[in-house]
Amino acid sequence: MPSRNHTMVTHFILLGFSNLSEMQVLLFSLVLTSFIVVLTGNVLIVLITTLDSSLHIPMYFFLWNLSFMEICYTSVTIPKMLANLLVENKSITFTDCAAQLYFYLFFATAECYLLVAMAYDCYVAISHPLRYTAIMNDRVCVRLVVASYVVGLPVSFGQTTLIFNLPFCGPNEIHHFFCDIPPLLKLACTDTYLNEVEVFAVAVLVVLAPFLLILMSYAHIILTIFKMSSAEGRLKAFSTCSSHLVVVTLFFDSGSFIYFRPKSS
């Protein structure tokens, strides 16, 4: 657990969108609506893929886990954000902030590597259709999902421990709507250069490495599709992985923008 031996700060203030005071109710309505839609959609996917035995195949097994991660991932940050849009006291305790960062990093990392597993599933389905059931058996699918969660454990624990062992002696205002690494580093009362290097290294492991693995899978998929003789076959193969490709693009584009952009004033 994070140490507080050298910490004077007992809580942080999540500024979020406090500069838009006249739009708090509107923002609350928009965020709440989006949150309900996301939760409803993912809960339905979890229920349908669980109850319908015909969907107990690798693709929907991965989709079940992706939806479960999305439910947890959004529930870590959005409820606190919604509460802060309506109340004057936007504080979060030191311990709660550490817990929020830990679970955010855990599910975000696990989701990155689950998307790699899903890309591999698409690759096998399109490039080796006759051997698909033999390659993507239940044991392999479970191991891929478990590996996604396992990778998230050391990343989240290590980064949370490193961040919350830094001395925080004020100010305590986080310019974000949840406890994330970059805004927390700005509040530390010490030189954070080594921490920033570590964060960049972890970002490469969590964001760049999975993205490159997915690119490799899709490079093989595209080559296989181009070799198909019929247009109908190519269209069917592309439709198999198109939704996954959209999710990958949105997820990694946003992650790269947040954690790989250069510093500026």
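The table for this structure:
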quantity: In the range 125-159, the residues that are buried (at least 21 other Cβ atoms within 10 Å of the Cβ) and more than 21 Å from residue 205 (Cα to Cα); calculated: 126, 136
quantity: Hey, residue 202 open to solvent by 20 Å² or more (accessible area, probe 1.4 Å), among the aliphatic types (A, V, I, L, M) and either in contact with a Pro (Cβ under 7 Å, 6 or more places away or on another chain) or farther than 19 Å from residue 124 by Cβ (or both) or not; calculated: yes
quantity: Condition broken by residue 128, with the remaining ones in (1) more than 15 Å from the chain's Cα centre (by Cα); (2) closer than 30 Å to residue 185 by Cβ satisfied; calculated: (2)
quantity: Odd one out for residue 206, checked against (1) over 21 Å from the mean Cα position of the chain (by Cα); (2) modelled with pLDDT of 75 or more; calculated: (1)
quantity: Close pairs (9 angstrom Cβ cut-off, 6 or more residues apart or separate chains): touching a residue at least 40 places away in the same chain (Cβ under 8 Å) and open to solvent by 20 Å² or more (accessible area, probe 1.4 Å) in the range 95-118, assigned to a helix (DSSP H, G or I) and of a type in the set (Asp, Glu) anywhere; calculated: 107/70
quantity: Count - residues of the range 165-191 that are within 16 Å of residue 101 (Cβ to Cβ), open to solvent by 70 Å² or more (accessible area, probe 1.4 Å) and out of contact with any Pro (no Cβ under 8 Å at 6 or more places or on another chain); calculated: 1
quantity: Residue, least open to solvent (accessible area, probe 1.4 Å), within the range 10-32, restricted to residues that are part of a helix (DSSP H, G or I) and small (Gly, Ala, Ser); calculated: 29
quantity: Residue, nearest to residue 156 (Cα to Cα), within the range 209-218, restricted to residues that are without any contact (Cβ under 8 Å) to a residue 24 or more places away in the chain and within 19 Å of the chain's Cα centre (by Cα); calculated: 209
quantity: Candidates 109, 93, filtered to the one that is polar (S, T, N, Q) and touching a strand residue (DSSP E or B) at 6+ places or on another chain (Cβ under 7 Å); calculated: 93
quantity: Enumeration of residues in the range 207-248 that are farther than 11 Å from residue 116 by Cβ, surrounded by 12 or more Cβ atoms within 10 Å (Cβ to Cβ) and of a type in the set (Val, Ile, Thr); calculated: 207, 221, 222, 224, 225, 240, 247
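Conditions (1) over 30 Å from residue 129 (Cα atoms); (2) touching a Phe, Trp or Tyr at 6+ places or on another chain (Cβ under 7 Å); (3) among the aromatic types (Phe, Trp, Tyr), marked per residue:
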{"position": "175", "(1), (2), (3)": "yes, no, no"}
{"position": "184", "(1), (2), (3)": "yes, no, no"}
{"position": "191", "(1), (2), (3)": "yes, no, no"}
{"position": "214", "(1), (2), (3)": "no, no, no"}
{"position": "219", "(1), (2), (3)": "no, no, no"}
{"position": "224", "(1), (2), (3)": "no, no, no"}
{"position": "228", "(1), (2), (3)": "no, no, no"}
{"position": "251", "(1), (2), (3)": "no, no, yes"}
{"position": "254", "(1), (2), (3)": "yes, no, no"}
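The values are calculated or read from the model by the stated rules, or taken from the named source; none is laboratory data. None of the values given here were measured: they were computed from a predicted structure. For neighbour counting, all protein chains shown are included, and Cβ atoms are generated from backbone atoms with ideal geometry for every residue, glycine included. Surface accessibility is based on the protein's heavy atoms, side chains included, excluding ligands, DNA and RNA. Shrake-Rupley method; radii C 1.70, N 1.55, O 1.52, S 1.80 Å.
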